[in-house]
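Asks: The structure is given below, and queries will be raised subsequently.
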Amino acid sequence: MHRAKRCFSAVFVICTLWSSTLSVTRYSIPEEMERGSVVANLAADLGLEVGVLAHREVKLEMFQESNKYLDVNKKTGELYIVEKMDREYLCPSKTATTCFVKLDVIIESPLRIFNIELEIKDINDNAPRFRRDRAELDVSESATPGERFSLPNAVDPDGGINTVKMYKLSESEHFTIEIQTGSDDTKYVDMVLTKALDREEHAVHHLILTAVDGGVPARSGTANIIVRVLDTNDNAPRFDHTVYSVNMTENSPIGTLVMKLNATDLDEGPNAEIKYSFTLYTSEKTQDVFALNPNTGEITVKGTIDYEDMKFYEMHVEAKDKGQHPLLGQCKVVVRVTDMNDNYPDITVKSYKSTVNENIPVGTVIAIVGISDRDTGDNGKVSLSINPNLPFVLNKSSDVLYELKVSEPLDREQVPEYDITLVVTDGGTPPLSDNETITLHLLDVNDNGPLFPQSFYTIPVMENNAPGALLSSLTAFDPDLHENQYLVYFIIEKEIVNTSMSMLFSINPENGNLYALKTFDYEIEKEFLFHIEARDSGVPPLSSNVTVHIIIVDQNDNPPVIVSPWRAHGSVVEEKIPRSTDKGSLVSKVIAIDTDSVQNSRITYQFLQVTDATLFSLDQYNGEIRTMRMFSYRDPRHQRLVVIAKDNGEPALSATVTIKLSTVETAVKAYSDMTEVPLEYDIFSDLNLYLVIGLGSVSFLLLITILVTCVLKCQKPKPSKAAPPSRNSVISDRNSTIADSTLVSNDAYWYSLFLAETRKGKLVVRQPVPKAGSRYIVSSLPRSTGLTETSDSAASTLQVRINS
């Protein structure tokens, strides 16, 4: 409610600067305004809504000032004073007629920048002050009226009308003052002798010099002037010119000669010897930059000449003789400084975003960059640039401001961060430049799905594995970071014969290790095909899957099983052969099967024991036992053969059969001729069925053999003597009988076919069928008999019908 009392009168001016397409808002306020004083309603002047301003971030940036003097009330939109502003501190140059403070109002969401120029008007808050409050002058009594004497001038930090405007001298009949104005409007005062002096009447004059400024109310300062009257030295030194002008280049080396002053004195002797010195009018700063040789009058450089600090210097020099009563002459030397390109341009980064998401839209402002140069003319013209290969661009918003924007899509997986070097260059000869590097870090977003090194994995697993065994490690890679790269693995469910994959395998969800949950049997399960998915933890999550092919590798875990000749467990096979058997005749055939595969199922046969090694030979591949020669009367009637069937596994497994051969004198016809019959079959897992069928078949064959033998014995002889059966026919019948029992499948497995029974005109052959698609070949059925065959896989029965 007291805002109106605290607010000073403010002059508001808005100018549109079309040269830079930038609006500048100008305000004018007096210095030393109290804290909290309102400068203006910034929201109304800039056309902003106060309600919207409260929800947007507002920044106030002052150029070349670290103190915060102003701020914006976001609730009311008013620009108010935070700290008192002293014009003499902000604009120390006495030559400046106006004092402007430049600042930027930056409003984000969306980003808008407003340029503000605040004029600080001077108030009379400083009183004039003399450098010395006491000045002593020695004046010869021979001084003529009109002679001038320099008095110390007063200094007032205020400017304009508030600086020193006049001087007053206390009442004196001999002296008066004259005020002179310098090129910078500084007031200088000379004391002028108006009446001749008489040392004998008045040796010392005490005067008071008062300096008054032009403020309202006026302020003043005083200095004591003591004039001592000296004896006569009637000629003062004189310079050739009262004003000298010299041009100097800034940064001239120390010791450089500026000029040499020359003053002459018409007196002789000590009264003509001259000593040069700076007068009190010469500022201390000027005396720090230039040196004056008191004997020669040479002015040389002893400090740094900086055009940006001072554009010209004024030196007030006096020449004083060495008379008993020295006299002096004065001149003014003006040194004008020529600018050089000696200042490097400056870079100021504002509203800088150091971290952004990698999917930041193109055109987003990353930073606002300000540039400046203290030089003038072409030396002060600056430009800003960056590396053109970076995905960023500079947009010039004013003569001294640039916006750094994203020009291309960014990808953290390719470049996680950017070092952006800002290079500012001026237009001098040679040009000067400076640079500043800012680092932009990209934050990860979930834009990459997990990747497996392979799209298809084939994993061999040895059968009879231990449950829980590690099969393989299926690891995917996600180039994202943090939760976006944390992967979870799981098996995509797939049922096989009412069994899900999760019942057979498990996968560690954290590292992708694949385990077997059961022991696999190659003879039952040979392969599995399923999918594994890897999913990251991002939002939304991304995933990918891979196909896994598990191949069960066969192990030599099944020994060969001898199915022919059949015998009870642990018993000996007994067979009879005629003693008249020829060389090379088939005696018997050993058939073994192995449920393993490939190498492990390849069976070879060898004699483990044999009564006479010269009598029989054994084919190691098909198991056929043949005679190597004919029987002699010396050979025993009973031969004992032990055959071992060995598979090709590592280590090898084996089975043995013992065959007891008895030789007889007569031929025995055991089987009828049979015709090859194809047979499809399945494999029974129970071996006991083989034993039952084999036992029945052998019993049936034995019964048939006995019946045939009896019939032959009981036949009556005919009148003509019949020829006995030849040895070759007996051997042929025997071979046919043995061959009739052979069975082969397209998988190269050898089986024995057992004749079980005959019922109602059917010859029923029972044999386990290994698998679908296999075929049996039944050999040597009687040619005179018409046969058909059917296969009942479910009952594992081959039926051969006799069509008579």
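The values are calculated or read from the model by the stated rules, or taken from the named source; none is laboratory data. Quick caveat: nothing in here was measured; it's all calculated off a predicted structure. Cβ placement follows ideal geometry from the backbone for every residue including glycine, while neighbour counts extend to all protein chains displayed. Side chains are part of the model used for accessible areas, which takes the heavy atoms of the whole protein and leaves out ligands, DNA and RNA. Shrake-Rupley method; radii C 1.70, N 1.55, O 1.52, S 1.80 Å.
Asks: Do we have any residue at all in segment 552-567 that's surrounded by fewer than 16 Cβ atoms within 10 Å (Cβ to Cβ) and over 21 Å from N648 (Cα atoms)?
Replies: no
Asks: Sticking with this structure for a sec: Go through (1) among the charged types (D, E, K, R); (2) outside any helix (DSSP H, G or I); (3) within 17 Å of the chain's Cα centre (by Cα) one by one and return the number of the condition E483 breaks.
Replies: If we test E483 against (1) among the charged types (D, E, K, R); (2) outside any helix (DSSP H, G or I); (3) within 17 Å of the chain's Cα centre (by Cα), just (2) comes out false.
Asks: Let me ask something additional. Output the number of residues of segment 306-326 satisfying the condition of being of a type in the set (K, R) and assigned to a loop (DSSP other than H, G, I, E, B).
Replies: Looking only at that region, the number is 2.
Asks: Specify which of the listed residues (A40, A44) is farther than 27 Å from I366 by Cα, free of Cβ contacts under 8 Å to residues at least 40 places away in the same chain and open to solvent by less than 40 Å² (accessible area, probe 1.4 Å).
Replies: A40
Asks: Considering only residues of segment 118-149 that are modelled with pLDDT under 85 and among the hydroxyl-bearing types (S, T, Y), which is nearest to T25 (Cα to Cα)?
Replies: Restricting to residues being modelled with pLDDT under 85 and among the hydroxyl-bearing types (S, T, Y), the top hit is S140.
Asks: Taking segment 590-609 on its own, how many of its residues are over 60 Å from the mean Cα position of the chain (by Cα) and surrounded by 21 or more Cβ atoms within 10 Å (Cβ to Cβ)?
Replies: 6
Asks: For segment 323-343, give me each residue that is out of contact with any Ser or Thr (no Cβ under 6 Å at 6 or more places or on another chain) and either at positive phi or loosely packed, with under 15 Cβ neighbours inside 10 Å (or both).
Replies: Within segment 323-343, Q324, R336 meet the criteria.
Asks: How many residues, within segment 428-454, are open to solvent by 40 Å² or more (accessible area, probe 1.4 Å) and closer than 30 Å to M340 by Cα?
Replies: Residues that pass the stated criteria total 8.
Asks: I need the full set of residues from segment 656-711 which are in a strand (DSSP E or B) and either of a type in the set (S, T, N, Q) or modelled with pLDDT of 85 or more (or both), in order please.
Replies: Of everything in segment 656-711, those that are in a strand (DSSP E or B) and either of a type in the set (S, T, N, Q) or modelled with pLDDT of 85 or more (or both) turn out to be T656, V657, T658, I659, K660, L661, S662, T663, V664.
Asks: Go through V216, V246, V229 for me and flag whichever is at pLDDT 90 or above, over 60 Å from the mean Cα position of the chain (by Cα) and of a type in the set (V, I, T).
Replies: V246
Asks: Within segment 566-581, identify whether any single residue is basic (K, R), in contact (Cβ under 8 Å) with a residue 60 or more places away in the chain and in a loop (DSSP other than H, G, I, E, B), and answer yes or no.
Replies: Yes - at least one qualifying residue is present in segment 566-581.
Asks: Got a sec? Which of G303, G329 is farther than 16 Å from Y188 by Cβ, in a loop (DSSP other than H, G, I, E, B), modelled with pLDDT under 95 and of a type in the set (G, A, S)?
Replies: G303
Asks: Could you please tell me which pairs satisfy a Cβ distance under 6 Å, a separation of 6+ or placement on different chains, a first residue in segment 190-210 that is under 24 Å from S220 (Cβ atoms), and a second residue that is of a type in the set (D, E, K, R) and open to solvent by less than 90 Å² (accessible area, probe 1.4 Å)?
Replies: Correct list of pairs: D190/E178; V192/E178.
Asks: Scan segment 179-224 residue by residue and report those that are open to solvent by 80 Å² or more (accessible area, probe 1.4 Å) and either in contact with a helix residue (DSSP H, G or I) (Cβ under 6 Å, 6 or more places away or on another chain) or among the charged types (D, E, K, R) (or both).
Replies: Once the filter is applied, which keeps residues that are open to solvent by 80 Å² or more (accessible area, probe 1.4 Å) and either in contact with a helix residue (DSSP H, G or I) (Cβ under 6 Å, 6 or more places away or on another chain) or among the charged types (D, E, K, R) (or both), segment 179-224 yields D185, K195, R199, E200, E201, R219.
Asks: Just to be sure, is T21 out of contact with any Gly (no Cβ under 7 Å at 6 or more places or on another chain), of a type in the set (V, I, T) and modelled with pLDDT under 75?
Replies: yes
Asks: Next up: Within segment 263-300, track down each residue that is assigned to a loop (DSSP other than H, G, I, E, B) and farther than 27 Å from F130 by Cβ.
Replies: Answer for segment 263-300, where residues must be assigned to a loop (DSSP other than H, G, I, E, B) and farther than 27 Å from F130 by Cβ: D265, L266, D267, E268, E273, N293, N295, T296, G297.
Asks: Can you tell me which of N235, N251, N295 is more than 21 Å from R336 (Cα to Cα) and at pLDDT below 90?
Replies: The conditions single out N235.
Asks: Now for a separate question. Mind listing whichever residues of segment 401-427 are in contact with a Ser or Thr (Cβ under 9 Å, 6 or more places away or on another chain) and open to solvent by 60 Å² or more (accessible area, probe 1.4 Å)?
Replies: Answer for segment 401-427, where residues must be in contact with a Ser or Thr (Cβ under 9 Å, 6 or more places away or on another chain) and open to solvent by 60 Å² or more (accessible area, probe 1.4 Å): E417, D419.
Asks: How many residues does segment 360-391 hold that are surrounded by fewer than 19 Cβ atoms within 10 Å (Cβ to Cβ) and among the hydrophobic types (A, V, I, L, M, F, W, C)?
Replies: Selection size over segment 360-391: 5.
Asks: Of the residues V643, V587, only one is open to solvent by less than 40 Å² (accessible area, probe 1.4 Å), among the β-branched types (V, I, T) and closer than 21 Å to E665 by Cβ; which?
Replies: Of the residues listed, the single one that is open to solvent by less than 40 Å² (accessible area, probe 1.4 Å), among the β-branched types (V, I, T) and closer than 21 Å to E665 by Cβ is V587.
Asks: Could you tell me which of the residues V546, V563, V539 is hydrophobic (A, V, I, L, M, F, W, C) and part of a loop (DSSP other than H, G, I, E, B)?
Replies: V539
Asks: Could you list, in sequence order, all residues of segment 510-520 that are surrounded by 14 or more Cβ atoms within 10 Å (Cβ to Cβ) and more than 15 Å from V461 (Cβ to Cβ)?
Replies: G512
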